[in-house]
Ligand SMILES: [Zn+2]
C-alpha cells in the first residue's frame, strides 16, 4: 500500500519522474493537472557548464480522461540558458517525449490511444473529441501524425505475389456532386490494402508501382483487375511479366448489366415508357438476372411466359442466353477449354443478327479473352480487393464521408492496411504540415500528383511520368492518351457566367435593356467577346 503523497500523485497521474504541482478544479471545465518534469540540471551542449533556468513556458495538452472527466495536462517546461557569457549557446528547452511530442496539442499517451481508437477500431474522430472534451482538429491532427508513422513503416508489407486494383468512390464534390474516385492497391493473396491513390486513371498506380522499385515488381506473378482499360494498362506497362486475371465477378456482372440494358431498351421500344409494375419485362427483371440453376420449375415457366409476352423479337431472351453462356465459363477449371469457349462465344455474339447489347458484350469478351481464361489457371480473384473495399466503406461511414484525401488515405490504411499495431507503443509521430487545408483530390496537390508530359507525336508515346525523384532509374511508362485540356478557372468562370447571363437574359432580349444596369453591361460585353456556338462545341 502506498501512502507517500508524492508517490500517490505519481501513481494517479500515471507518469513517472514527474512532480504534480497543483490541480485546477473549476466546475464545468476539464480537470487541469499542473506538472513538471523531475529532470536534473543539464549541462550546456557548447561548453558543459551547468545550465540555469531562463523561464518556465507552460504548455496545455489534452490528456486521457481521469475518472470519467476530461483532463488537461498543464506542463511547466524548463527553458535553460548557459550562464557563460563567452558561450555561443543561447537557450534551449528540455525535451520529454514521454509527456508530449513536439508541436502536439495532445499528450503522448493520449495521442497513441486516439490513433488506435480511430485507426484500428474505426471510431469517428468526432466521437473521440467529445470524449476527450477537445476540438475535432486536435484529435485528427494527432491521428494523422501517429498514423502516418505507422502506415509508412517500411515493414508493413513485403513482396506481393498477387496484386489487385479496384476503384472506390471517394467523395462527391461541389454543387453538382461530381464523383471523385480513388484506386485501391491490394495484396490479393492476403487481403491487405497496400495503398490508396487518387483517381481511377492509370497514372497514379503507375507512379506508385514505379516507387516500389523493379525488384519488388518482379515478384508480382498475378495481377487481378475488373474489366477496366486503365488498370490493364498499369499492369501491361509496369508488371509485364505478371499474368493478368479478369475477376469472374466482374465478368458475370458485365453480362448481367448488358441483359439489363437490353431489357430496358426493349421495354421502351415496345411500350414507349419505362417499366411499370404490370409490364411483363419489368415483372421478370429479377428472374432474368437470377442464375438459371436457381430457377425452380415455377420460376422458369413464369420467365418464359413473361418473355413471350414482353419480348416479341426475342432480344432479351438472346442476351439472357449469352449471360448464361458467360456463367457457364466458370463451371469448370480447364484453361484451354475456357479460352476456346470465350473465343467462340465472343465471335458468335458479334453476329449482326444479335441485339446490340449482345454484340457489345461479345466485343468486350474478345478484348479480354486472355484475362478471362487466365482465371482458370491462376485461380486468383479480386474478391479480397472487394473485401478491403468493404472495410474502407466502413471507415467512410464512420466519418460520414471525407473531403480530405490525406485523412481518407491514412484512416483507410490504418483500418485495412494491416499496420503493425505493436509499433504504436514506440513509434515517433510524423511531422505533418501546419496547414490544415489539405487539397481535395480534384485540385491536384502540388507534389503529390504525377505530371504527364505529352510529346509532340501524341498518344502512345513512352514518357517518364511523375516527379523524377520518386522514380527509380529506368522507370518509363506509357502515356495513355492525349492530355485532357484543362481550362483555367478565370476563363471557366467567364464562360459559366456568360452562359447563365445569356440564358437568363435571352427572354429579355426583345425588351430594351435597362440602361446603366451593371448586369446588362456585363452580359453585353461578354456577348461581344465570346461567341456562344463555340462554347457548345
Ligand atoms: Zn555554454
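Could you tell me the distance between the Cα centroids of region 24-75 and region 395-414, to the nearest Å?
33
For 222, 249, which order do you get if you count the other beta carbons within 10 Å of each Cβ and list the fewest first?
By the 10 Å Cβ count, ascending: 249, 222.
Pop the C-beta distance of residue 152 and residue 47 into the FRET formula with R0 = 35 Å and round what comes out to the nearest 0.05.
Efficiency for this residue pair is about 0.35.
Antiparallel as a % of all DSSP beta bridges within region 1-132, to the nearest 5?
75
Please arrange 343, 175, 159 by how many other C-beta atoms lie within 10 Å of their C-beta, fewest to most.
175, 159, 343
Could I have the simple spin-label model distance between residue 296 and residue 403, label points 7 Å from Cα toward Cβ, reported in nm to one decimal?
Taking the simple label geometry, residue 296 and residue 403 are separated by 5.3 nm.
Does region 1-58 come out rounded, prolate or oblate, given a ≥ b ≥ c as the square roots of the eigenvalues of its C-alpha gyration tensor, rounded meaning a/c under 1.5 and, failing that, prolate meaning a/b above b/c?
Note, shape of region 1-58 comes out oblate.
Kindly put 128, 410 in sequence by how many other C-beta atoms sit within 10 Å of each C-beta, fewest to most.
Least to most surrounded, the residues fall as 128, 410.
Taking the Cα centroid of region 276-318 and of region 192-242, what is the distance between the two, rounded to the nearest whole Å?
If you average the Cα positions of each part, the centres end up 41 Å apart.
Going by a ≥ b ≥ c, the root eigenvalues of the Cα gyration tensor, does region 5-150 fall in the rounded group (a/c under 1.5), the prolate group (a/b larger than b/c) or the oblate group?
The shape class here is prolate.
A short reminder: the numbers here are calculations on the coordinates, not readings from a lab. Owing to the predicted nature of the structure, the values given are computational and were not obtained by experimental measurement. Glycine gets a Cβ as well: all are built from the backbone with ideal geometry, and neighbour counts include every protein chain shown.
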